[in-house]
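Q: Once you've had a glance at the structure underneath, I'll fire off some questions.
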Amino acid sequence: PLQLFRDLLDAFAQDVVKTRYASYAEVLDYCRRSANPVGRLLLHLYGVHDEDSKRRSDAICSALQLINFWQDVAVDARKGRLYLPLSDCEQHGVDPASVLSLSDTPAARELIRAECDWARELMSSGAPLVHCVPGRAGWELRLVVQGGLRILDKIAALHFGTIVARPRLRATDAAVMLWRA
């Protein structure tokens with residue numbers, strides 16, 4: 001479907017000019033256009049067209065995008081970009097400028113923890129899709145889901161300090177992901 005490609009292009013264009021997001025709704029709208037089309041295109045290729053599967057795919061893809069944001073807080077901050085919703089920054093008493101200057105504080109870590117909880121909930125709501133995608137693609141999707149969850153585990157192991165360290169998957173994580181898949 002062409003609209004999915006238009007959404008991707010629109011998100012790419014937005015990413016060039018937008019560096020702050022006011023709320024969850026704004027971040028999810030970006031995910032709707034930047035990440036979710038990829039999942040829907042894959043569903044289309046595998047002949048999965050029901051609305052429940054599309055909803056679950058959107059949850060997985062949005063969660064993956066969010067996990068990438070929370071994994072890369074410092075990377076994005078160095079580029080002047082902040083995906084942490086400004087409303088959440090305010091709620092947690094975090095000055096966005098302090099995040100952009102890579103100031104690691106307990107409040108910032110608590111904010112990142114809350115965002116990771118949000119991403120984990122989204123991923124969990126979408127995870128049953130792995131049983132609806134046929135064949136090898138279903139198993140690959142299981143590994144994608146587990147990869148996202150594994151990054152969240154690694155962020156938690158850093159005590160949500162992604163302002164100072166970027167967690168990465170290593171070869172040793174493959175066994176854990178395979179077992180969970």
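The values are calculated or read from the model by the stated rules, or taken from the named source; none is laboratory data. Since the structure is predicted, the reported quantities are computational estimates derived from the model, not experimental observations. Positions of Cβ are backbone-derived with ideal geometry, glycine not excepted, and every protein chain shown enters the neighbour counts. Heads up: the accessible areas ignore ligands, DNA and RNA and are worked out on the full protein's heavy atoms, side chains in. Shrake-Rupley method; radii C 1.70, N 1.55, O 1.52, S 1.80 Å.
Q: In the chain, carbon and sulfur make up what percent of the accessible area (probe 1.4 Å)?
A: Carbon-and-sulfur percentage of accessible area, whole number: 59.
Q: How big is the convex hull of the Cα atoms of the chain, per residue, in Å³?
A: About 110 Å³ per residue, rounded to a whole number.
Q: Step through the residues of the stretch 18-32 one at a time and calculate ³J(HN,Hα) from phi using the Karplus curve (6.51 cos²θ - 1.76 cosθ + 1.60, θ = phi - 60°), rounding each to whole Hz and writing x for Gly and Pro.
A: Going residue by residue, I get 9, 10, 9, 10, 6, 8, 3, 4, 5, 5, 5, 5, 4, 4, 4 Hz, with x marking Gly and Pro.
Q: Take the alpha carbon gyration tensor of the stretch 1-53, find the square roots of its eigenvalues, order them as a ≥ b ≥ c, and report rounded if a/c is under 1.5; if not, report prolate when a/b exceeds b/c, else oblate.
A: oblate
Q: Peptides 58-66, 134-142, 77-85, 170-178: what's the order by average Cβ count within 10 Å, highest mean first?
A: 58-66, 77-85, 134-142, 170-178
Q: Separate question: Just round it to a whole percent: the fraction of Cα-Cα distances in the stretch 33-108 exceeding 14 Å.
A: Here the long-distance tail beyond 14 Å is 66 percent of all Cα pairs in the stretch 33-108.
Q: Next question, about the same structure. At 1.4 Å probe size, with every protein chain present, just tell me what the per residue accessible area of the chain comes to in Å².
A: So the chain comes to 50 Å² accessible per residue, rounded to a whole number.
Q: Which angle from 0 to 90°, rounded to the nearest 10, does the C-alpha axis of helix 51-71 make with the longest principal axis of the chain?
A: Taking the Cα atoms of the chain, the angle to 51-71 is about 30 degrees.
Q: To continue, here is another question. Could you tell me which of 46, 61, 163 has its Cα farthest along the dipole of the chain towards the positive end, charges placed at Cβ (Lys, Arg +1; Asp, Glu -1), taken about the Cα centre?
A: 46
Q: Choose one of 75, 89, 112: the residue whose Cα lies farthest towards the positive end of the charge dipole of the stretch 70-125 (beta-carbon charges +1 Lys, Arg; -1 Asp, Glu; about the Cα centre).
A: The residue sitting farthest along the positive end of the dipole is 75.
Q: Translational diffusion coefficient, Stokes-Einstein: compute it for the stretch 78-120 using the Kirkwood radius over C-alpha pairs as Rh, at 25 °C and 0.890 mPa s, and state it as an integer in µm² s⁻¹.
A: Once the numbers are plugged in, D ends up at 235 µm²/s.
Q: Can you tell me the orientation of helix 106-126 relative to the chain, as the angle in degrees between its alpha-carbon axis and the longest Cα principal axis, to the nearest 10?
A: 10
Q: Also: Hey, what does the equivalent ellipsoid look like for the stretch 109-181, semi-axes from the Cα gyration tensor as sqrt of 5 times each eigenvalue, largest first, whole Å?
A: Equivalent ellipsoid of the stretch 109-181: 25, 15, 7 Å, largest first.
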